[in-house]
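Structure, as structure tokens:
What follows draws every value from the coordinates through simple rules; no lab data is involved. Source: prediction; values computed, not measured. Positions of Cβ are backbone-derived with ideal geometry, glycine not excepted, and every protein chain shown enters the neighbour counts.
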Amino acid sequence: MFKLTDKFFFQPSLRFDYFQIIRTPYLSPRINVGYVFDPITTLRASAGIYYQSPGLEKLIDGRTFYDLRDAAERGLKAERAYHLILGIDRWITNEWFAKAEAYYKNFDNLLEQDRITAYRYEYTLKDPSITDPAYVKDVKNWIRSPQKLAYDSVTTNPINSGSGNAYGFEIALEKKNLSARSKLSGWINYSFSVSNREKYGVTTPYRFEQTHVANIVLNYRVNNWLEFGTRWTYATNFPYTPPVGVTPRIIGDSIATNLLTGEALFNLDFGDDQNQLSTKRPEYHRLDFRATAYTHFWATDWAFYLDVINVYNRKNVLGYDYSLNSDLTIKRRVVGMFPILPTIGINARF
């Protein structure tokens, strides 16, 4: 770290990486700067380049398979990100600390599956206005296109054609337990973020994007042997891709049929690229509580605690499982997270 004045400091750095899987070296310049307005207020900024190797964790990335054999020979590159962060922090009192931070990140060379032009027949109903399941399941009511039509076929070969960006801010207020008379500690924070990815010319939200996240954490030390703690979290949930209908299952150049009934078989239709990650799951929130009792005996420090996860038994949604009913309507099963879950435990420190 270098000081230009009593108030201004900066810290340049240079990181070297060599990624064996692509046999390529990378240099990542970075810099941190700060300005001290007074002993309790500091402005900070940082910028830098970051690389991530297409390593083994990319073999299966978000249900996407990548064939990384001969990655170096195919000219695969490391994924790259440019970071820019600006923040300020201030001690309001000896016990209260506040900070705010904003950021912007740009991503390029992101991995995606290569696409090639392939050809297949397209099937359409003779009369699309008829929705009776018996009519739709009758193979004779489906018309095949006169010739095969071109479409984009996804391969397992990774290419560096994806890009994206992320930006947002976070504010936080923290109460530190710094004195014997101070019984309350904890923090409150809120973050706003937007993260997008562009693949195949279509921009979609990042699959782990959470636009709003808020946390309230409080700990109260009743006396020297009893402490209560609670945490409440609120967040907008992750995006997902909903099905838009059903489509006949094609094997080879023909519609697959049930061997017993001769009826056409169907798959869920999740639409085109425009429909990917187009909907968000319901918002998430949860309250947790802990009571801890401290004691000392047998030359050991003991902590006996009661934990209650999801105190008000919120039905948070982890995801959805979709399937088809016999009448070709779409059935959705909710996959939930933890229900209310009380536990008791003991910690011993020798």
- What percentage of all Cα-Cα pairs in segment 225-350 are separated by more than 17 Å? 72
- Per the 1/(1 + (r/R0)^6) rule, R0 = 45 Å and r from the Cβ atoms of VAL202 and ALA98, FRET efficiency to 0.05 is 0.65
- Hey, rough spin-label estimate for THR233 and LEU184, points 7 angstrom out along Cα→Cβ, what's it come to in nanometres? 2.4
- Task: Between beta-carbons, use under 13 Å as the cut-off and find the net charge around SER191, counting Lys and Arg +1, Asp and Glu -1.
- Result: -2
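With 29 Å as the limit, write out which pairs from LYS7/LYS99; LYS99/LYS183; LYS3/LYS77; LYS137/LYS280; LYS77/LYS148; LYS137/LYS199 have Cα-Cα distances beyond it, or answer none.
Flagged as over cut-off: LYS3/LYS77; LYS137/LYS280; LYS77/LYS148; LYS137/LYS199.
Could you line up TRP232, TRP96 from fewest to most neighbouring Cβ atoms inside 10 Å? It would help to have the intermediate numbers written out before the result.
On the way: TRP232 17, TRP96 13.
Least crowded to most crowded, the residues run TRP96, TRP232.
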- Task: Compute the separation of the alpha-carbon centres of segment 61-106 and segment 125-157 and state it in Å as a whole number.
- Result: 43
- Message: With +1 on the Cβ of every Lys and Arg and -1 on the Cβ of every Asp and Glu, and nothing else charged, how large is the dipole of segment 56-200 about its Cα centre, in debye rounded to the nearest 20?
- Response: 280
- Query: Which part of segment 8-43 falls in the paramagnetic zone of MET1, meaning amide N under 16 Å from the point 7 Å along Cα-to-beta-carbon?
  - Reply: 8-13, 31-43
- Note on the structure: log10 I(q)/I(0) for the chain, Debye formula on C-alpha points only (no solvent), q = 0.08 Å⁻¹, two decimals, reads -0.67
- Most fluctuating residue given options ALA100, ALA256, ALA78, as computed from a GNM of the chain linking Cα atoms under 10 Å: ALA256
- Query: Taking amide hydrogens as modeled 1.01 Å from N in the peptide plane, which residues meet the under 5 Å criterion relative to GLY271, leaving out close sequence neighbours?
  - Reply: VAL244
- Note on the structure: Ranking TRP302, SER326, ASN347 by how far each Cα lies towards the positive end of the charge dipole of the chain (+1 on Lys and Arg Cβ, -1 on Asp and Glu Cβ), the top one is TRP302
- Message: Suppose every Lys and Arg Cβ carries +1 and every Asp and Glu Cβ carries -1, with no other charges. What dipole size does segment 92-349 come out with about its Cα centre, to the nearest 20 debye?
- Response: 760
- Whole-Hz couplings from phi, Karplus 6.51/-1.76/1.60, listed for segment 12-26; x for Gly and Pro: x, 8, 9, 9, 10, 10, 10, 9, 5, 5, 10, 6, 9, x, 9
- Query: What is the sum of charges around ILE344, taking Lys and Arg as +1, Asp and Glu as -1, for the other residues whose C-beta is under 13 Å from the C-beta of ILE344?
  - Reply: 0
